[in-house]
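What follows is a short report on a single structure.
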Amino acid sequence: MRSSSYRKMAATLAALAVLGTVATASVASADDSGKRPRSGPAYAKVTGSAEFALPYVKDDDIRSFTFDASAAPYSRPLPGIPTGLPTDARGTVKISHYSAQRHVTYTSEGRVDCLVTGPHTATLTAVITKVSPGGPPWVGKRMGFSVYDGGKDNAGKDNGGSRDRVGFSWNGVNLLPGGTATAPEAEVGTCMAPAPYAPVTKGGYTVQHADLLPPPQG
């Protein structure tokens, strides 16, 4: 009798283990549907507006970027990739450049299509949709940006109180070697940008990091 009881208990425990596995699989299936798990982190984001200085140029120009970008995983189907990518994103980028020599401010706006983050850092790309009169011929072109979020700004620092930095994919950092008289500029792929090399002088950025999600099931 005692042996029979043990066998029944073992069978019950085995059945409970199977039920637990099924329940776990059901939860995992819901989490892998392309939506963020309820208990997981929020989607990655980059927000903020800041002016920055070019360390290799000394002028009176005022340059600034404004970011409002959020991850939107698996939302942009591509040829051969109908699910889209874990780095898919949406939002806007605004570029402003005041030329002290010409006394003109040129502006551009872009639609974000890719975002990937790490702790305190991010790279994103945007396709330019609008350029102010006299600005560069960027409409339809993808531009890359990088951001370093240095944490809470410290007033009184030499760099204006911020430890944040930005980088971008033009102005000599995305050239192809070789060429003839001038080095050609390379096309920017999704989420491609150099390291954030330009220190912020006014304002700041916030990077909300989140790991990339697995592809949706089914």
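Measuring with a 1.4 angstrom probe and ignoring ligands and nucleic acids, Lys45 comes out at about 90 Å² accessible. With the simple spin-label model, which puts each label point 7 Å out from Cα in the Cβ direction, the Asn171 to Thr129 separation comes to 2.4 nm. Computed from label points 7 Å out along Cα-Cβ, the spacing between Tyr106 and Thr206 is 3.2 nm. With the simple spin-label model, which puts each label point 7 Å out from Cα in the Cβ direction, the Thr83 to His120 separation comes to 3.3 nm.
Here the accessible area of the range 77-218 is 56 percent carbon and sulfur, with a 1.4 angstrom probe and all protein chains present.
Taking a ≥ b ≥ c as the square roots of the eigenvalues of the alpha-carbon gyration tensor, the range 94-218 is classed oblate because a/c is 1.5 or more while a/b is no larger than b/c. Taking packing as the residue-averaged number of other Cβ atoms within 10 angstrom, the listed peptides 81-94, 114-127, 188-201, 165-178 run from highest to lowest as 114-127, 188-201, 81-94, 165-178.
The values are calculated or read from the model by the stated rules, or taken from the named source; none is laboratory data. If you're wondering where the values come from, they're calculated on a predicted model, not measured in any experiment. Here Cβ is always computed from backbone atoms with ideal geometry, including for glycine, and neighbour counts include all displayed protein chains. Side chains included, ligands, DNA and RNA excluded: accessible areas come from the protein's heavy atoms. Shrake-Rupley method; radii C 1.70, N 1.55, O 1.52, S 1.80 Å.
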